[in-house]
Amino acid sequence: MVQKLSSSINQTAAYIDTLKVKMDNIAIRSISTKVEDELIREIFLSKGAGDSLFHKLKSSFFLALITTSSATIKADIQKSANEILIGDDINRFKSQYFNLNSALRVNMILYGCEIELLNAGIKSLKEYKH
């Protein structure tokens with residue numbers, strides 16, 4: 001289970017990193033706010049990156065939950081997952097994070113998602129020794 005969790009977190013973090021690069025590329029292009037908003041909505045809402053991110057995060061958080069046996073750690077991980085995934089509501093997740101946001105704000109959201117995911121993995125693995 002530990003290997004599965006590690007793999008899932010690494011793959012999700014790598015996916016987030018590719019999305020951050022896309023946002024960096026949009027941010028440096030000196031385009032109008034309207035065009036920037038349209039590009040972000042196209043990537044995350046039309047082309048499915050928002051759906052993919054949601055499902056990857058959900059899967060990784062789930063693995064973190066089932067990897068630990070500590071009720072306290074499970075509660076912490078569940079709280080993080082609920083906050084990031086907006087109560088497991090994919091439509092609210094996509095709308096709140098990727099509808100009418102700048103590339104910089106989306107990048108900050110992505111960093112926040114990645115930090116919470118990595119923290120969940122660290123918490124989940126606390127009881128395991130190498």
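Read-outs: derived from the displayed coordinates by stated rules, not from any lab. Keep in mind that this is a model prediction, so the values were computed, not measured. Heads up, the Cβs are rebuilt from the backbone with ideal geometry, glycines too, and the neighbour counts pull from every protein chain shown.
Brief remarks follow.
- Of the residues screened, G121 is one that is under 17 Å from N10 (Cβ atoms), in contact (Cβ under 8 Å) with a residue 40 or more places away in the chain and part of a helix (DSSP H, G or I).
- Exclusive hit being touching a Cys at 6+ places or on another chain (Cβ under 6 Å) and at negative phi, set I40, I31, I84: I84
- Restricting attention to the stretch 71-110 and to residues that are within 19 Å of D51 (Cα to Cα) and basic (K, R), the residue that is surrounded by the fewest Cβ atoms within 10 Å (Cβ to Cβ) turns out to be R92.
- Neighbours by Cβ (under 8 Å, 6+ apart or cross-chain): first from the stretch 63-91, under 17 Å from L5 (Cβ atoms); second in a loop (DSSP other than H, G, I, E, B) and among the aliphatic types (A, V, I, L, M): L63/M1; I66/M1; T67/M1; T67/L125; T68/L125
- Considering residues of the stretch 1-37 that are among the β-branched types (V, I, T), without any contact (Cβ under 8 Å) to a residue 40 or more places away in the chain and part of a helix (DSSP H, G or I) only, the residue farthest from E114 (Cα to Cα): V35
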